[in-house]
Amino acid sequence: MIAMSPTYTVQDDQDVIDLVNGGEVHAWRLPADAPFNMMGVDMQELIVWLADGHVVVGTQGTGTFGGVQTTTVQQFTDWGVPVVVEPPVG
């Protein structure tokens, strides 16, 4: 998704992002410079937050597909921590 926008502008200072796991992280806000198309979705806005080491800690995007516009927000935490995936029930 990040590569779909041709250019971004990096803010000069960092935002403090409150994470869903109760922590916080300092991250640079990178809004896409212009609307763009991402696999058929017209993206009016995409913001990426990067922490130290260029680690993506969040995204926020507003897009339209099939006449429906929606905004999604994602946070990414615990990079490098082992994950247990439970088998589906049933």
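Nothing in this text is a laboratory measurement; each read-out follows from the coordinates by a stated rule. The shown structure was predicted, so the numbers you read here are calculated from the model rather than taken from an experiment. Note that each Cβ is placed from the backbone with ideal geometry, even for glycine, and that neighbours are counted across all protein chains shown.
Any idea which of Met38, Leu50, Pro6 is furthest toward the positive side of the dipole for the chain, if Lys and Arg beta-carbons carry +1 and Asp and Glu beta-carbons -1? Of the listed residues, the answer is Met38. A cut-off of 5 Å between modelled amide H atoms, ignoring neighbours fewer than 5 places along the same chain, links Leu19 with Glu24, Val25. 3J(HN,Hα) along the range 54-71: 6, 7, 6, 10, x, 9, 9, x, 10, x, 10, 9, x, x, 10, 9, 8, 10 Hz, from the Karplus curve 6.51 cos²θ - 1.76 cosθ + 1.60 with θ = phi - 60°, whole Hz, x for Gly and Pro. With a cut-off of 15 Å between beta carbons, the residues surrounding Thr77 carry a summed charge of -4, where Lys and Arg count +1 and Asp and Glu -1.
Scale the Cα Rg of the chain by the rule-of-thumb value 2.2 N^0.38 Å and send over the ratio, two decimals. Each step should come with its number before you reach the end.
Working: Rg = 15.3 Å, N = 90, 2.2 N^0.38 = 12.2 Å.
Its radius of gyration relative to the 2.2 N^0.38 Å reference: 1.26.
The dipole here belongs to the chain: it is taken about the Cα centre, uses +1 on the Cβ of Lys and Arg and -1 on the Cβ of Asp and Glu, and is about 280 debye. All other residues whose Cβ lies under 14 angstrom from that of Ala34 are scored, Lys and Arg at +1 and Asp and Glu at -1, for a net of -3.
Restricting the calculation to alpha carbons of the range 27-68 gives Rg and Dmax of 11.8, 38 angstrom.
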